[in-house]
1. Tell me, what HN-Hα J-couplings in whole Hz come from the Karplus equation 6.51 cos²θ - 1.76 cosθ + 1.60 at θ = phi - 60° for each residue of segment 47-53, using x for Gly and Pro?
2. With only Lys, Arg, Asp and Glu charged, each at its Cβ (+1 for the first two, -1 for the last two), find how big the charge dipole of the chain is about the Cα centre; round to the nearest 20 debye.
3. Mind giving me the nanometre distance, one decimal, between the label points for THR186 and ALA161, set 7 Å out from Cα along Cα→Cβ?
4. When a footprinting reagent is the concern and you count Cβ atoms within 10 Å, what order do GLU113, GLU163, GLU126 take, fewest first?
5. Between ARG154 and THR82, with labels modelled 7 Å along Cα→Cβ, what's the label distance in nm to one decimal, could you check?
6. For ARG197 and LYS59, compute 0.36 nm times the residue count separating them, minus their Cα-Cα distance, and round to one decimal in nm.
7. Helix-only mean residue ellipticity at 222 nm, the chain, DSSP H runs n ≥ 4 weighted -39,500 (n - 2.57), per residue, nearest 500. What is it?
8. Per the Cauchy relation, a quarter of the hull surface: what is the mean projected area of the convex hull of the alpha carbons in segment 71-223, in nm²?
Amino acid sequence: MATTQKLSLILAAGAAISLVGTAAQATPRATQYRITVKNVTAANVVSPPLVVAHAPGYKLFTVGEAASPGVAMIAETGGTATLESELAADRHVIATSKADGGPVRAGQETVIEISVPTNYVYFGAELNLAAMIGRSNDSFVSLGKAVSLRSVRRGHPQVVALENFDAGSEENTGNVGDFGPGGHPTDAAEGLISYDRGLNPRGDAPETFAWGPTVAIITIELM
C-alpha cells in the first residue's frame, strides 16, 4: 500500500512539473527597453510622452494628412487617453507605455520602460513616441522615422533628436491663453499635419517660450 501511494505521489509530481514546463513554454519571452526623454529647451515644457512599439512600417501619423483625434489631443493638451484607445484597437500596435508624473521641464528628463515580446523584436518591431510641446498651440514631438528595436544593442544605447510637428488642428496664435488645455482656436487651423515652424507667430508669449529645431532628445536602451 505504501509503495502504491509513493508511486502515485511521484506520478502526480511529474505531471505538475510537466504542466509548469508547458506553461513556461507558452509564455512568450519579453525584451525590456528603457527610454529616457530629455527636454533641451530654454524654458518650455514637454508633456508626459506616450511610447509605442509597433509593426515595421506603421505610422502614428503622416505629414500632409489630417491628425487623428488622438494625435490632435496630444498636440493640443498633452492628453493621451484618446490616442491610447486608438492604438489599443489597432492590430499593428504591439505595446504602449506612458511616462509617470507631470510635464518634463526644461533641462529635466523622464524615463519610460516598455516590454516587447522578443519574437516581435526579431521580426522588426519599431518604436516611436508622441508628446506635446507644452507651451504651444498644437505642436508635438515625435520620431520622423521610427527606430527598429532590433538595432538597439545592450551597452550601446541609441540617442536620437525628436522632430517637431504641427498637428494642424488648432490655429497658431502664439498667445499664452491658447496654450495647453486653455483655449482651442480653430478658425485658421491648417487642417493637416506639417513640420513645425516654432513659436510663429509670437502672439503675447514671451521670448523664453520659443523653441528651436530640437525640443527633446531620447535615449533608447536595452535593459
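Computed from the coordinates by the stated procedures, all read-outs in this text should not be read as laboratory data. Note that the coordinates shown come from a computational prediction; the quantities given were computed from them, not determined experimentally. Cβ coordinates were reconstructed from backbone atoms using ideal geometry, including for glycine residues, and neighbour counts include every protein chain displayed.
1. 5, x, x, 9, 9, 10, 9
2. Using only the charged Cβ atoms, the result is roughly 1440 debye.
3. Result: 3.4 nm between the two label points.
4. Details: GLU113 13, GLU163 18, GLU126 23.
Final ranking by Cβ density, sparse to dense: GLU113, GLU163, GLU126.
5. 4.2
6. Values: separation 138, 0.36 × 138 = 49.68 nm, distance 2.16 nm.
Residue separation times 0.36 nm, minus the Cα-Cα distance, leaves 47.5 nm.
7. Helix-only estimate at 222 nm: -6500 deg cm²/dmol.
8. Over every viewing direction, the Cα hull of segment 71-223 projects on average to 9.6 nm².
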